[in-house]
Amino acid sequence: MEKWLLIPVFVQILLTSVVMILMGRRRIRAAKNKEISITAFQTMDLRGANEQVIATSRNFDNQFQMPMLYLFSVVFTLQLGLADLTFLLLGAAFVVLRIWHSWIHIGRNILRQRFRVFLLGCVVLWVIWIRLLVLALL
């Protein structure tokens, strides 16, 4: 079961990589179109950039927030020998929700829908951590 627990981790890493590539392409396009100065990237002052550039940049930053807590939960789960189907399914649900959140955020960016998906992902993550805490203490 331990090896299967890594599949959602690899998918999360793939998501982060895809968002990074898309972010780079959008930034380069904006700089080529003179929508933003190339020097803006020295301090990451994206004022004046279009919504797609800003949203994709923020989404990339997001991949190093809540997903890091998920990745740490996997490390602890594996270290404590607690890997099971429930952790696998919860992890898969979390990563699917992260993909959905990114799809919304870098796509049409519907705030209400994006927030609901984000919040649902947080709930799944909290369940993972509460379950990990309970099983580690028992």
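The values are calculated or read from the model by the stated rules, or taken from the named source; none is laboratory data. Treat the numbers as computed from the prediction; the structure is a model and nothing was measured. Positions of Cβ are generated from backbone atoms using ideal geometry, with glycine treated the same way; all protein chains shown enter the neighbour counts.
Tabulated data
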read-out	value
Verdict on residue 113 being without any contact (Cβ under 8 Å) to a residue 12 or more places away in the chain, polar (S, T, N, Q) and more than 18 Å from residue 8 (Cα to Cα)	yes
Odd one out for residue 42 among (1) part of a helix (DSSP H, G or I); (2) closer than 23 Å to residue 107 by Cα; (3) modelled with pLDDT under 95	(2)
Some residue of segment 81-98 being of a type in the set (Phe, Trp, Tyr), touching a helix residue (DSSP H, G or I) at 6+ places or on another chain (Cβ under 9 Å) and under 14 Å from residue 18 (Cα atoms)	no
In segment 105-132, the residues that are closer than 16 Å to residue 65 by Cβ and surrounded by 17 or more Cβ atoms within 10 Å (Cβ to Cβ)	105, 106, 114, 117, 118, 121, 124, 125, 128
Only listed residue being closer than 30 Å to residue 136 by Cβ, at pLDDT 95 or above, over 20 Å from the mean Cα position of the chain (by Cα) and exposed (fewer than 11 other Cβ atoms within 10 Å of the Cβ), chosen from 78, 85	85
